[in-house]
Amino acid sequence: MGDIAKDAWLNQLLEEYLLADTFFDDTSIRWGEFIQPTSGPSASITPSKLRIAVIGSMPVGFLTLKTLLSYARHFPDQLHIVCLLTDDAGNPDAKIGVRKRIWHVYPEEVQRRIEFSTIRSALDAGVPVYTGDIKADWFRETFSQMKPDAVICCGYGQLIDGPILKTPKLGIYNLHPADLAHGFGAGPAMYDDSRSRNAETTCWTVHLMNEALDSGPIVGSSPVINIRMPNGDFPENKIDYYTKVMDGLDYLTFHTVQSLIEWYQNGHTTPMKHLDFNALFPSAIKSWMQEPIREFPQHIVPDPALFD
């Protein structure tokens, strides 16, 4: 069983902000915990709503979650978020590849800030959160009982295996910040891949997940994102790169979930196969994505812009 004391820093904050009723772990969980929010769902759950689970961490996962929470608030009759699965970056026992993924560019105190901000956003909306080992027997059963129709994933440190992949009938959609359609950027080192190719642009890929890393069927690719500095140089600062790549991620998330809702309401019981994001994105956003890297503010927990 995981040592729940390793998350004392997190639980102290959750108790301070009155965000959680219980912290639960099971003998099969190697690290992390299941956190029940103090507040319950704000709206009734009906069969007409698409039930989704969100899997995400790091700033990209935070922005994806915030977009989905905003969607659920604006369209409460269409979407219900059953849970959030997120990385426990502040737990030294967690097997989440902190040194390989985007986490490693941030100091420990910033990692904890991102993790807490992500968890707090979910709990504030009445969404339970799991920070632990998804291969634990207890969690597999708990996840199955939540009955998600689909899952949206972005920026997560664990490989998702068969029992979780088979649970949602409409599939698990991974939002990956690289051009997988052209064979670029699979795995956690997207910056290194772009730099090794002296790339000028990248894009987001939405693909259905399978048990191999970033290799499932591609559903669609976002419009291109300029990843160069104003003088044309490749960025030396990885945070600048990863912050710029978030351009358009909220729109990608919005159109993915909106299309999933339409797919579900039309009676489909299998995953979506194709989305044309280039046609769905507004021209102003596509132009914004093609601008060079700019001077970014210091915050690292962005909010979606499309609901302003």
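The table that follows gives values for the structure above.
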| quantity | calculated |
| --- | --- |
| Low-density loop positions, trypsin sites (Lys or Arg not before Pro), region 188-228 - DSSP coil, at most 14 other Cβ in 10 Å | Arg197 |
| Straight-distance crosslink candidates among lysines, where the alpha carbon sits under 25 Å from Lys147 and sequence neighbours closer than 8 are dropped | Lys49, Lys66, Lys135, Lys166, Lys169, Lys273 |
| Pairwise centroid distance, computed over Cα atoms, of region 187-219 with region 58-131, Å | 21 |
| Long-range HN-HN contacts of Arg30 with modeled amide H, under 5 Å | Gly2, Asp133 |
| Full-stretch length increase - Asn231, Lys95 - with 0.36 nm per residue and alpha-carbon distance subtracted | 45.0 nm |
| Portion, in percent, of the accessible area of region 228-302 that falls on carbon or sulfur, probe 1.4 Å | 51 |
| In region 255-308, the trypsin sites (Lys or Arg not before Pro) that fall in loop regions by DSSP, at most 14 other Cβ within 10 Å | Lys273, Arg294 |
| For Rg and Dmax of the Cα atoms in Å, calculated from these coordinates, the label among (1) 18.4, 55; (2) 25.9, 92; (3) 19.3, 56 | (1) |
| Solvent exposure ordering (accessible area, 1.4 Å, most first) of Trp288, Trp103 | Trp288, Trp103 |
| Amide H contacts of Leu50 (H built 1.01 Å from N, under 5 Å, at least 5 apart or other chain) | Leu79, His80 |
| Computed [θ] at 222 nm, helices only, for the chain once each DSSP H run of length n ≥ 4 contributes -39500 (n - 2.57) | -9500 deg cm²/dmol |
| Beta bridges per DSSP with both ends in the chain, % antiparallel, nearest 5 | 50 |
| Surface accessible to a 1.4 Å probe, per residue, for the residues of the chain, Å² | 43 |
| Length-normalised contact order of the chain in % [C-alpha pairs under 8 Å, at least 6 apart] | 18 |
| Phi-based couplings in Hz for region 241-255 (Karplus 6.51, -1.76, 1.60; Gly and Pro marked x) | 4, 5, 5, 5, 5, 6, 4, x, 5, 5, 5, 4, 5, 4, 6 |
| Cut-off under 5 Å, modelled amide H: who pairs with Leu85 long-range | Val54, Ile55, Gly56, Tyr130 |
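The values are calculated or read from the model by the stated rules, or taken from the named source; none is laboratory data. Worth saying up front: this structure is predicted, and the values here are computed from it rather than measured. Note that each Cβ is placed from the backbone with ideal geometry, even for glycine, and that neighbours are counted across all protein chains shown. The accessibility values were calculated without ligands, DNA or RNA, using every heavy atom of the protein model including side chains. Shrake-Rupley method; radii C 1.70, N 1.55, O 1.52, S 1.80 Å.
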